[in-house]
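*Asks:* This is the structure I have questions about; it appears just below.
The values are calculated or read from the model by the stated rules, or taken from the named source; none is laboratory data. Values in this document were obtained by computation on a predicted structure and should not be read as measured data. Here the Cβ positions follow ideal geometry from the backbone for every residue, glycine too, while neighbour counts run over all protein chains shown.
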Amino acid sequence: MEIARKVFWDMKVKDDVSWSTMIAGLAHNGFFDEAFAYFRELRMIGLRPNEVSLTGVLSGCAQVGASEFGKILHGFIEKSGFNWIPTVNNALVDMYARCGNVGMARLVFRSMLHKSVVSWTSMIEGLAMHGYAEEAIRVFHEMEGCGIRPDWITLVSLLYACSHAGLIEQGCNYFSTMKDVYDIEPTVEHYGCMVDLYGRAGYLQKAYDFVCQMPITPNAIIWRTLLGACGIHGNVELAEQVKARLFDLEPDDSSDNVLLSNIYAVAGKWKDVATVRQSMTDQKIKKTPGWSMIEVDRTMYRFVAREKTNKTTAEAYEKLKEIIKRLRLEGGYVPEVASVLHDVDEEEKEDSVSKHSEKLAVAFGISRLCKGRVIRIVKNLRICRDCHTVMKLISKVYGLKLVVRDRSRFHSFDDGACSCKDYW
């Protein structure tokens, strides 16, 4: 972005295309304060963004969960008459869904006069991510009733909805009829959804056999999905077999090693944990650090586990201590430490899980946001069981609504319960 900025400001004449390209680039790279400043300046000098730049900025908002900036853009779109353009509306549906506001996604979708297959798919995918599988299926059949044929992405979204809700029979039915009913040849993405469907439900051997019998070569994502399922259900033996397959495909991937370490740790196999960690050290494989982001007053704040580098982080830690104390007293909170990757005493394990990035982000949100506001978090890794428990307790004890988007789905916490129904 540094070079892009220099080229932009060196331009003697900047038209609406120049400004729009710069705004979209900043938004996609997470520079939302700067993107908003450019957007405001563009309007002040009498230029206006175009369809491409608006969809690009909305996509950027969706990527990092910048809902406040997205709302501002939505207001501009309504006032400027861009709301009749299908691609802009599709981007709005996607933005709201990925920012955790599925209600607004529904509203925009239902207000659209002309819906393409992309429109329907965006809504189905948004509902699926939030765990509204039955509604996603209803919208799919509504789409068929309107004479719109699904494409391969629509079927991926539909299978995703089934897998994350444990709808095994429906998922199998949609997959088996793809070719005959919809004339869509299953791709690796569809096969991946089926592996996830079986794996999440605990049918690990069936999932493994399914992968081995695939007519196309399974990629690392397929095997990694199965490894994740082994972690959920604690199947050490199968996890080792799957990890061996992954090593052949992507030997340097840190997430696979960390996941296998987690599986060993839960099973109490500390020698195996040490072996995996030593192997990572020998191969100079570094663990991907977990981070979480929260938007406060149109500014994105990023927190990294166990990092204490600035006043913002210090503020989050202080608030988190207060929150944990209250959860223990009023919610009966007991830390879940089974997956801590060190053979240490319980106190050290509790200290380790207490510093996860999503806890810090939520603590900061409670400290800074007005009471009654929904706290929305985006994180790069799968939420752990302890953090999931803490979020449920916070929603109950503090009377708050929390939305956490991890790497695979949304978790909406309200009154002590989660939208995933503890199936994730």
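*Asks:* Kindly list the number of the only condition in (1) touching a residue at least 40 places away in the same chain (Cβ under 8 Å); (2) among the charged types (D, E, K, R); (3) farther than 30 Å from residue 173 by Cα that fails for residue 98.
*Replies:* Among (1) touching a residue at least 40 places away in the same chain (Cβ under 8 Å); (2) among the charged types (D, E, K, R); (3) farther than 30 Å from residue 173 by Cα, residue 98 violates only (3).
*Asks:* On to the next question. If residue 131 satisfies all but one of (1) of a type outside the set (A, V, I, L, M, F, W, C); (2) assigned to a helix (DSSP H, G or I); (3) modelled with pLDDT under 95, what's the number of the condition it fails?
*Replies:* Only one criterion is unmet by residue 131, namely (2).
*Asks:* If you scan the stretch 1-36, which residues turn out to be among the aliphatic types (A, V, I, L, M), in a helix (DSSP H, G or I) and touching a helix residue (DSSP H, G or I) at 6+ places or on another chain (Cβ under 9 Å)?
*Replies:* Listed by number, the residues that qualify are 4, 17, 22, 23, 24, 26, 27, 35.
*Asks:* Also, I was wondering about something else. Step by step: first the residues of the stretch 250-292, then only those that are over 29 Å from residue 405 (Cβ atoms) and of a type in the set (Gly, Ala, Ser), then the one that is surrounded by the fewest Cβ atoms within 10 Å (Cβ to Cβ). Which residue is that?
*Replies:* The residue in question is 268.
*Asks:* Only one of (1) over 30 Å from residue 149 (Cβ atoms); (2) touching a helix residue (DSSP H, G or I) at 6+ places or on another chain (Cβ under 8 Å); (3) surrounded by fewer than 19 Cβ atoms within 10 Å (Cβ to Cβ) fails for residue 80. Which number is that?
*Replies:* Going through the list (1) over 30 Å from residue 149 (Cβ atoms); (2) touching a helix residue (DSSP H, G or I) at 6+ places or on another chain (Cβ under 8 Å); (3) surrounded by fewer than 19 Cβ atoms within 10 Å (Cβ to Cβ), residue 80 breaks only (2).
*Asks:* Here is a further query. Given the stretch 150-233, what helices (runs of 4 or more DSSP H) lie entirely inside it while holding 2 or more residues that are acidic (Asp, Glu) and crowded, with 24+ Cβ neighbours inside 10 Å?
*Replies:* It comes to none.
*Asks:* Can you name every residue in the stretch 138-168 that is charged (D, E, K, R) and either in contact with a helix residue (DSSP H, G or I) (Cβ under 9 Å, 6 or more places away or on another chain) or under 15 Å from residue 128 (Cβ atoms) (or both)?
*Replies:* Correct list: 138, 142, 149, 151.
*Asks:* Scan the stretch 380-424 residue by residue and report those that are surrounded by fewer than 18 Cβ atoms within 10 Å (Cβ to Cβ), touching a Lys or Arg at 6+ places or on another chain (Cβ under 7 Å) and among the small types (Gly, Ala, Ser).
*Replies:* Across the stretch 380-424, the qualifying residues are 408, 416, 417.
*Asks:* Give me a count of the residues in the stretch 37-60 that are more than 19 Å from residue 98 (Cα to Cα) and either in contact with a helix residue (DSSP H, G or I) (Cβ under 7 Å, 6 or more places away or on another chain) or in a loop (DSSP other than H, G, I, E, B) (or both).
*Replies:* 11
*Asks:* Give the stretch 395-424 a look and list any residue that's among the acidic types (Asp, Glu) and part of a loop (DSSP other than H, G, I, E, B), or say none.
*Replies:* 406, 415, 422
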